[in-house]
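Visitor: Attaching a single structure in structure tokens format; questions to follow.
The values are calculated or read from the model by the stated rules, or taken from the named source; none is laboratory data. Keep in mind that what you see is a predicted model, and the values were worked out from it rather than measured. For neighbour counting, all protein chains shown are included, and Cβ atoms are generated from backbone atoms with ideal geometry for every residue, glycine included.
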Amino acid sequence: MAYIISTINLKGGVGKTTTTVALAEFLSAAFNKRVLVIDLDPQTNLTTVLIGEDKWKRLNDEGRTLATLFKDSLRPEDEPANFDIGKTLQRSVSPISEVQWVDLLPSSLDLIDVQDRLASMPPGRFYSNNPTDLLRKAVKSIIDDYDFVLVDCPPNLGIVTLNGLRISDGYIIPTIPDVLSTYGIPQIQQRVRAFAESLGEDIAEIGIVVTKYRKASTVHVNTVRRLEEDPELPTVLQSYIPEANQIAASAEYVGASTLRQKYGYQGQHQILRSLTKEFISLVEELA
Ligand SMILES: Nc1ncnc2c1ncn2[C@@H]1O[C@H](COP(=O)(O)OP(=O)(O)OP(=O)(O)O)[C@@H](O)[C@H]1O
Ligand SMILES: [Mg+2]
């Protein structure tokens with residue numbers, strides 16, 4: 001059985017995608033897990049980090065992205081569906097040789113438009129076809145091929161994000177440890193809880209991942225302490241991702257043979273590995 005975990009924060013630019021990619025790569029390379037990543041963000045950052053811009057464009061032209069899945073739900077009843085999970089699933093995508101088993105369901109810029117159209121659908125249209133259930137139905141046949149499924153969400157809780165949450169056993173909240181970035185965390189908890197209750201299911205708070213951490217910053221040190229001491233907030237994972245040039249550079253699609261080469265030797269590799277280990281233990285506690 002796969003564990004399905006979403007990466008969520010309503011704030012943009014806090015390291016959601018970077019965290020998702022790193023977890024996927026370390027789960028595969030350091031812990032031998034079979035991983036699927038699902039990119040639900042129309043910005044397609046995760047997709048281009050993993051397969052590069054050129055390949056993404058080809059797939060997008062051929063309709064082999066998740067936008068096709070969501071577009072299908074808007075077509076007239078008598079038209080055939082275009083989404084094909086087999087053609088959309090990209091196998092063993094990471095350009096890092098030691099990362100063997102990370103597969104990808106790519107995103108598309110077209111998701112912006114689809115999201116708007118889905119949101120404006122008259123509700124009656126979905127009595128038999130709940131629009132937050134599209135992804136679940138689409139991935140049902142492949143999900144058990146994986147140990148972990150990571151869903152990278154856009155910085156909102158729109159219908160596309162709800163499709164990701166719908167299949168999730170839990171979620172993580174990456175955040176920069178400063179006042180404005182952490183301000184909205186209780187709101188995320190509350191809205192995910194309300195959505196889970198409406199489904200009659202549990203979507204567990206796995207934890208907060210501290211990103212772009214600067215140990216010389218008083219604000220960062222104090223904010224992390226405040227997060228850790230607040231009993232209402234999810235657990236803070238103890239491996240803080242440091243702010244580092246090499247982590248910023250990791251967004252570029254370039255090959256390397258090892259994750260040590262990709263993330264650098266100044267301790268980042270070790271921290272991302274221990275973060276992944278903590279992540280696995282927290283997720284396995286769910287079972
Ligand atoms: N630990 C880090 N050190 C330095 N730069 C980082 C780090 N983590 C992320 N970045 C950079 O910060 C920017 C935002 O990161 P990322 O794209 O992962 O955030 P995001 O939350 O997914 O953003 P969005 O809300 O737009 O999807 C990127 O340019 C990324 O390369
Ligand atoms: Mg992102």
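Visitor: Can you tell me which residues in region 38-60 are away from ligand 2 (no atom under 15 Å from the Cβ) and within 16 Å of Ile112 (Cα to Cα)?
Guide: Within region 38-60, Asn60 is the sole residue that qualifies.
Visitor: Counting just the residues of region 209-221 that are in a helix (DSSP H, G or I) and within 15 Å of Ser181 (Cβ to Cβ), which one comes out nearest to ligand 2 (Cβ to nearest atom)? Outline the logic, then answer.
Guide: At the first step, the residues of region 209-221 found to be in a helix (DSSP H, G or I) are 218-221.
This time we only want the ones that are within 15 Å of Ser181 (Cβ to Cβ), so: 219-221.
Values: Val219: 23, His220: 21, Val221: 26 Å.
Among residues in region 209-221 that are in a helix (DSSP H, G or I) and within 15 Å of Ser181 (Cβ to Cβ), the one nearest to ligand 2 (Cβ to nearest atom) is His220.
Visitor: Report, by residue number, each residue of region 245-286 that is touching a Phe, Trp or Tyr at 6+ places or on another chain (Cβ under 8 Å) and without any contact (Cβ under 8 Å) to a residue 60 or more places away in the chain. Please lay out each step first, then the result.
Guide: Restricting attention to region 245-286, the residues satisfying the condition of being touching a Phe, Trp or Tyr at 6+ places or on another chain (Cβ under 8 Å) are 246-247, 250, 259, 269, 271-273, 275-277, 280, 283-284, 286.
Passing the criteria: Gln246, His269, Ile271.
Visitor: Which residue pairs have Cβ atoms under 9 Å apart, sit 6 or more places apart or on different chains, and have a first residue in region 40-60 that is in contact (Cβ under 8 Å) with a residue 12 or more places away in the chain and at negative phi and a second that is of a type in the set (Asp, Glu) and more than 10 Å from ligand 2 (Cβ to nearest atom)?
Guide: Close Cβ pairs satisfying both conditions: Pro42/Asp110; Pro42/Asp113; Val49/Glu252; Asn60/Asp110.
Visitor: Starting from region 206-220, keep only residues that are in contact (Cβ under 8 Å) with a residue 40 or more places away in the chain and on the phi > 0 side of the Ramachandran plot, then list their pairs with residues that are away from ligand 2 (no atom under 16 Å from the Cβ) and assigned to a strand (DSSP E or B) whose Cβ atoms are within a distance under 8 Å, requiring at least 6 positions of separation or different chains.
Guide: Gly207/Val236; Lys212/Pro242
Visitor: Tyr253 is checked against (1) closer than 23 Å to Asp147 by Cβ; (2) within 19 Å of the chain's Cα centre (by Cα) and fails just one. What number does that condition carry?
Guide: Of the numbered conditions (1) closer than 23 Å to Asp147 by Cβ; (2) within 19 Å of the chain's Cα centre (by Cα), the odd one out for Tyr253 is (1).
Visitor: Shifting gears a bit: When the residues of region 222-244 are filtered to those that are within 20 Å of the chain's Cα centre (by Cα) and outside any loop (DSSP other than H, G, I, E, B), which remaining residue is farthest from ligand 2 (Cβ to nearest atom)?
Guide: Restricting to residues being within 20 Å of the chain's Cα centre (by Cα) and outside any loop (DSSP other than H, G, I, E, B), the top hit is Val236.
Visitor: Now for a separate question. Could you list all residues from region 245-275 that are out of contact with any helix residue (DSSP H, G or I) (no Cβ under 7 Å at 6 or more places or on another chain) and in a loop (DSSP other than H, G, I, E, B)?
Guide: Residues of region 245-275 that are out of contact with any helix residue (DSSP H, G or I) (no Cβ under 7 Å at 6 or more places or on another chain), as a first pass: 245, 248-249, 252, 254-255, 257-258, 261-262, 265-267, 270-271, 274-275.
Within region 245-275, Glu252, Val254, Gly255, Ser257, Thr258, Tyr265, Gln266, Gly267 qualify.
Yes/no per residue for (1) part of a helix (DSSP H, G or I); (2) closer than 30 Å to Arg191 by Cα:
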{"residue": "Asn9", "(1), (2)": "no, yes"}
{"residue": "Gly13", "(1), (2)": "no, yes"}
{"residue": "Thr18", "(1), (2)": "yes, yes"}
{"residue": "Lys33", "(1), (2)": "no, no"}
{"residue": "Asp41", "(1), (2)": "no, yes"}
{"residue": "Thr48", "(1), (2)": "yes, yes"}
{"residue": "Lys55", "(1), (2)": "yes, no"}
{"residue": "Arg58", "(1), (2)": "yes, no"}
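Visitor: Restricting attention to region 138-164, report how many residues are within 16 Å of ligand 2 (Cβ to nearest atom) and not polar (S, T, N, Q).
Guide: Narrowing region 138-164 to residues within 16 Å of ligand 2 (Cβ to nearest atom): 150-158, 160-161, 164.
Filter once more, keeping what is not polar (S, T, N, Q): 150-155, 157-158, 160, 164.
Adding up the residues that qualify gives 10.
Visitor: Quick check: is even one residue across region 143-166 more than 16 Å from ligand 1 (Cβ to nearest atom), part of a loop (DSSP other than H, G, I, E, B) and at pLDDT below 90?
Guide: no
Per-residue answers, yes or no, for (1) within 8 Å of ligand 1 (Cβ to nearest atom); (2) over 11 Å from the mean Cα position of the chain (by Cα):
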{"residue": "Ser6", "(1), (2)": "no, no"}
{"residue": "Val14", "(1), (2)": "yes, yes"}
{"residue": "Thr17", "(1), (2)": "yes, no"}
{"residue": "Leu23", "(1), (2)": "no, no"}
{"residue": "Phe26", "(1), (2)": "no, yes"}
{"residue": "Arg34", "(1), (2)": "no, yes"}
{"residue": "Thr44", "(1), (2)": "no, yes"}
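Visitor: What residue, of Leu104, Leu36, Leu46, is among the hydrophobic types (A, V, I, L, M, F, W, C) and out of contact with any helix residue (DSSP H, G or I) (no Cβ under 6 Å at 6 or more places or on another chain)? Before the answer, list the steps.
Guide: Working: Leu104 fails: out of contact with any helix residue (DSSP H, G or I) (no Cβ under 6 Å at 6 or more places or on another chain); Leu46 fails: out of contact with any helix residue (DSSP H, G or I) (no Cβ under 6 Å at 6 or more places or on another chain).
The unique qualifying residue is Leu36.
Visitor: Could you list, in sequence order, the residues of region 250-287 that are within 16 Å of ligand 2 (Cβ to nearest atom) and surrounded by fewer than 18 Cβ atoms within 10 Å (Cβ to Cβ)?
Guide: Narrowing region 250-287 to residues within 16 Å of ligand 2 (Cβ to nearest atom): 250-253.
Ala251, Glu252, Tyr253, listed by residue number.
Visitor: Name every residue in region 258-284 that is more than 15 Å from ligand 1 (Cβ to nearest atom) and modelled with pLDDT of 95 or more, in order of residue number. Let's see the steps before the verdict.
Guide: Within region 258-284, the first condition is being more than 15 Å from ligand 1 (Cβ to nearest atom), and the residues that meet it are 258, 260-261, 265, 277-284.
Of everything in region 258-284, those that are more than 15 Å from ligand 1 (Cβ to nearest atom) and modelled with pLDDT of 95 or more turn out to be Lys277, Glu278, Phe279, Ile280, Ser281, Leu282, Val283, Glu284.
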